[in-house]
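No value in this document is a laboratory result; all are computed from the given coordinates. Remember, it's a predicted structure, so these values are computed and weren't measured experimentally. Cβ sites come from the backbone with ideal geometry, for glycine too, and all protein chains shown count toward neighbours.
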Amino acid sequence: MEFSLRWRLLPLLALLASFLVLYSRTPPKGSSSDCSILPYDHYWITSKRIVTPGGVNPGAVEVKKGRINAVVEGAFQHLVHSGAKVVDYGDAVIMPGLIDVHAHLNEPGRVEWEGFSSGTKAAAAGGITTLIDMPLNSFPSTVSEETLKLKVEASQQKIYVDVGFWGGLVPENAFNTSALDSLLRAGALGLKVVESFMCPSGINDFPMTNATHIKEGLNVLAKYKRPLLVHAEIVLDSERKTEPNADTSDSRSYATYLKTRPPSWEAAAIRELQAAMKETEIGGHAEGAHIHVVHLSDATTSLDLIKFAKSSGASLTVETCPHYLAFAAEEIADGDTRFKCAPPIRREDNKQKLWEALLEGHIDMLSSDHSPSVPDLKLFDEGDFLRAWGGISSLQFVLPVTWSYGRKHGISLSQLASWWSERPAKLAGQRHKGVIASGNDADFVVWEPDVEFELNENQVIYHKHPSISPYMGKRLSGKVLATFVRGNLIYSDGKHAAAACGVPVLAK
């Protein structure tokens, strides 16, 4: 019935389209003609494969002044004869732009590690239209209203995609309700507990927290209905005594590093979170708050605990990252510290279980956890896994990586859009992003799933330090052709728009 009605309406739609005047050289308010490679702000984009909440279908999307004005499924050839401005992408996939809720851009203070300009250029080239920046690895860390303002100021005229900001929950502000209120009122999208409960972050102004700090943070977050992001690892007292006895003589061996961060650390942290999770249930003291477990790598006990908490009514989501789904410990060569991250990349059987959990919906979404550094901190000459900086550089590659490794598991384009767009938008409170629907921001990635390429020095990579990425040398499928942010074509055929016109995304 709906299918036949749609086709009966097409002649009417064609008639209406013929009266549209879609060509305008007036740029969106607050931007300039340099913001977009397209010289107009009212147009249609068309393709035989558009990913919407209704599935993957041929159709057309009308863009007007940065928003999606209409989505038409089915035949769109009439637009060519209507006088409308049309950008036809043929067989390429048009999907909602990716939203990466976990990235370290390191500015201000450590711009030599990455920075807003290089990081958002890489994001745009990878089909990411919104990044949420983590509160540490920059200097100072984003733990107050004042430091959030420094972040926003540092981003001005540098960001090619929209950028939001998580605030940090640390011992110094955890019991200061007014300070947390100020940080959240200033626009922080939520709070992040880094190296939850135990592990020093390596950043002096972002110390470790405990369960009491988390409880205080959740009580404040409940008022704003925003999430608490948790890095879940904790050392048990028993392991604190026994772990130093592990053989660490060969620090060039990845197996040595893997033993120093066992999956029991993740499971112990999830257990410690159970009381806090209970508080987020309906009727709990922190009802309205939400807990989000970042970069889960343990697919055994930790995942079982998460499943139980969800089934009990906790307001809880969890993410994992492409590097946990692409790589396995057995394949990491001695001394190749590009692969070091925390939690660590675990063994092949664990990787397969992560895929199963993602496909079954127990893992809600994906993020990059893009955590770059200067090459010297990776200690390539020494290959010392115990002393090298931990972090995977991946921002520009997450779409083709997820697709290339996911195809072996039969993933669909709709699943990809859910993991990388719709669910991350909901976590970050972005109601007008994440799906291709009328009224939403016109954020799109256009890409060719079947085009293969090899990541090497011949590719144009916008990360400040491409050599530190473990994806270099890998053959991938999925070439990004174009990226639109709020209607601006910011990246197309290997070129960026002349101006960086992304905007800070602040909670209201």
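Listed values, structure above:
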quantity	calculated
Correct option for Cα extents along the principal axes in Å [calculated from the coordinates] among [x] 76, 50, 46; [y] 68, 47, 41; [z] 113, 57, 41	[x]
Over 22 Å (Cα to Cα) - which of 192/378; 307/508; 310/426 fall in this group	192/378; 307/508
Relative contact order of the chain, defined on C-alpha pairs under 8 angstrom at six or more residues apart (%)	21
The stretch 386-470: GluC sites (Glu not before Pro) in DSSP loop, at most 11 other beta carbons within 10 Å	457
Added length on full extension, which subtracts the Cα-Cα distance from 0.36 nm per residue, residue 431 to residue 498	21.3 nm
Gain on full stretching of the segment that runs from residue 34 to residue 349 - 0.36 nm per residue minus C-alpha separation	108.5 nm
Neighbourhood charge, 11 Å Cβ-Cβ cut-off, centred on residue 63 and excluding it, Lys, Arg +1 and Asp, Glu -1	+1
Amide H contacts under 5 Å for residue 113, placed H, 5+ residues apart	none
The stretch 320-331 - phi-based ³J(HN,Hα) in whole Hz, Karplus 6.51/-1.76/1.60, Gly and Pro as x	10, 10, x, 5, 6, 8, 9, 10, 9, 4, 4, 9
Burial order of peptide ranges 338-350, 131-143, 385-397 (average beta-carbon count within 10 Å, highest first)	131-143, 385-397, 338-350
Sites residue 506 and residue 467 - FRET efficiency at Förster radius 45 Å, r taken between beta-carbons, to 0.05	0.85
Residue-span extension gain [residue 260 to residue 456] - 0.36 nm each, minus C-alpha spacing	67.4 nm
